[in-house]
Amino acid sequence: MIKCNLVTGSEGMYNITSELKAQIEKHQMKDGILVVYCPHTTASIVVSENVDIDVKADILSALSEAFPKKENHLHYEGNSYAHIRSTVSGVSLPLIVENQKLVLGQFQGVYFMEFDGPRTREYFLKFIASN
Amino acid sequence: MIKCNLVTGSEGMYNITSELKAQIEKHQMKDGILVVYCPHTTASIVVSENVDIDVKADILSALSEAFPKKENHLHYEGNSYAHIRSTVSGVSLPLIVENQKLVLGQFQGVYFMEFDGPRTREYFLKFIASN
Amino acid sequence: MIKCNLVTGSEGMYNITSELKAQIEKHQMKDGILVVYCPHTTASIVVSENVDIDVKADILSALSEAFPKKENHLHYEGNSYAHIRSTVSGVSLPLIVENQKLVLGQFQGVYFMEFDGPRTREYFLKFIASN
């Protein structure tokens with residue numbers, strides 16, 4: 001398992017595609033499945049659009065509207081909105097690797113979503129080779 | 001990696017279960033994990049109910065209500081609602097294969113979700129055998 | 001593939017982390033990917049916060065508010081809200097195993113989410129070892 005780190009701002013979608021490509025190269029992952037895992041409960045790992053930066057802002061605002069911060073949430077830390085957004089967007093993502101390349105669509109990138117920063121965060125990579 | 005294609009309408013849930021079963025048979029995938037991957041940013045891959053066609057209509061309308069098209073979205077193409085629905089429902093799905101059969105619950109099917117069609121779409125299959 | 005069972009109440013997040021750890025031990029899963037799969041269409045498998053029980057209540061209420069039960073849903077069984085919550089939160093979860101230990105963040109647990117109980121439910125485990 002490989003551990004990667006990043007430092008986040010208050011909320012945001014952080015493009016980790018280049019880091020994943022670098023790790024695939026460094027560890028010579030040739031062909032198989034790469035699981036990207038977020039060990040935090042107020043963050044997530046997703047695939048999303050990588051061209052127009054406005055898409056990220058729209059996605060974050062849509063999640064904020066669908067799962068708002070609410071006064072009547074019970075959790076004493078007051079960040080239940082961040083936990084729900086993490087649970088709904090998901091912490092574990094299986095990706096395809098072929099010919100030592102990460103398989104993504106033309107307009108896709110892989111993002112670490114921060115819902116409760118700023119924080120020092122990490123995510124894990126686990127590669128399973130096909131035979 | 002296997003590439004599959006489909007042509008979608010404006011919005012919808014397209015049952016790809018039969019195609020997956022055919023590919024498992026054709027490529028003699030016996031026992032392992034099959035990742036179904038959508039390389040598009042306004043579509044997704046999900047497991048859902050496969051009996052009553054009304055469930056699909058209800059799911060699509062629920063996503064439309066939770067993540068509506070909004071005038072104040074920033075993305076210049078105006079389809080941020082489709083990007084958010086894709087990100088939330090997910091583009092990568094690991095499925096179990098045993099005895100050359102796709103493991104699904106009695107009422108489950110695998111669906112390609114289109115949020116911004118009509119389009120010619122593709123999805124990828126990657127099989128990792130257990131040892 | 002390993003089959004596990006649980007009996008649920010009307011709605012809830014059921015912590016299955018201990019059961020997963022016991023199965024990893026029992027079947028000596030040393031290093032690889034463990035897929036946890038829910039074969040039901042009104043339930044799901046997620047990773048979430050495992051410390052404050054109030055987080056679970058807040059997550060369930062947030063999902064209820066974002067995807068409410070509605071009179072105008074078409075599905076004859078009247079539980080479309082449960083199908084949509086299952087589809088959005090996801091039925092298949094890949095987890096990392098190393099040194100015969102389940103890799104989770106300090107505050108994470110694995111949960112079976114019930115949206116339409118009480119029911120007798122099952123979930124499946126499939127382990128793929130790395131080489």
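Bear in mind these aren't lab numbers, they're just calculated from the coordinates by the rules spelled out. Quick caveat: nothing in here was measured; it's all calculated off a predicted structure. Note: ideal-geometry Cβ built from the backbone for every residue, glycine included; neighbour counts use all protein chains shown.
Can you list the copy-to-copy distances for C:N72, using a point 7 angstrom from Cα toward Cβ, in nanometres, shortest first?
2.4, 2.4
For the protein assembly as shown, just say rounded, prolate or oblate: build the C-alpha gyration tensor, square-root its eigenvalues into a ≥ b ≥ c, call rounded for a/c under 1.5, and beyond that prolate if a/b exceeds b/c, oblate if not.
rounded
Listed here are the pairs C:K30/C:K101; B:K56/C:K126; A:K70/C:K70; A:K26/C:K30; which of them are more than 19 Å apart at the Cα?
In this structure, B:K56/C:K126; A:K70/C:K70; A:K26/C:K30 lie more than 19 Å apart at Cα.
So, in Å, what gap is there between the alpha-carbon centers of the range B:81-117 and the range C:87-131?
About 17 Å separates the Cα centre of the range B:81-117 from the one of the range C:87-131.
One decimal, nm, shortest first: give the distances between the label point of B:A57 and those of the same position in the other copies, each label point 7 Å from Cα along Cα→Cβ.
Inter-copy label distances (nm, one decimal, shortest first): 3.8, 3.8.
What does the average come to when, for each residue of peptide A:30-38, you count the partner chain Cβ atoms lying within 10 Å of its Cβ? Mind showing how you got there, number by number?
On the way: counts 0, 3, 6, 11, 0, 10, 2, 9, 3.
Taking the mean over all residues of the peptide, I get 5.
Amide H neighbours of C:T42 under 5 Å, counting only residues 5+ apart in sequence or on other chains, H built in-plane at 1.01 Å?
none
Long-range amide H contacts for A:L95: which residues qualify at under 5 Å (H placed 1.01 Å from N, peptide plane, sequence gap of 5 or more or a different chain)?
It is A:L34, A:V35, A:V36, by chain and number.
Excluding C:K70 itself, calculate the net charge of residues whose Cβ lies under 11 Å from the Cβ of C:K70, where each Lys or Arg counts +1 and each Asp or Glu counts -1.
Taking every other residue near C:K70 into account, the sum is -2.
Tell me which residues come under 5 Å, amide H to amide H, from B:L74 once H is placed; ignore anything under 5 positions away on its chain.
Under 5 Å from the amide H of B:L74 lie the amide H atoms of A:D58, each far enough along the sequence or on another chain.
Across peptide A:98-104, what mean number of C-beta atoms from other chains lies inside 10 Å of a residue's C-beta?
Average per residue, whole number: 2.
What are the aspartates and glutamates whose alpha-carbon lies under 17 Å from the alpha-carbon of A:K3, with same-chain residues fewer than 8 places away excluded?
A:E19, A:E25, A:E122, C:D31, C:E98
Once you average over the residues of A:43-55, how many Cβ atoms of partner chains fall within 10 Å of each Cβ?
Taking the mean over all residues of the peptide, I get 5.
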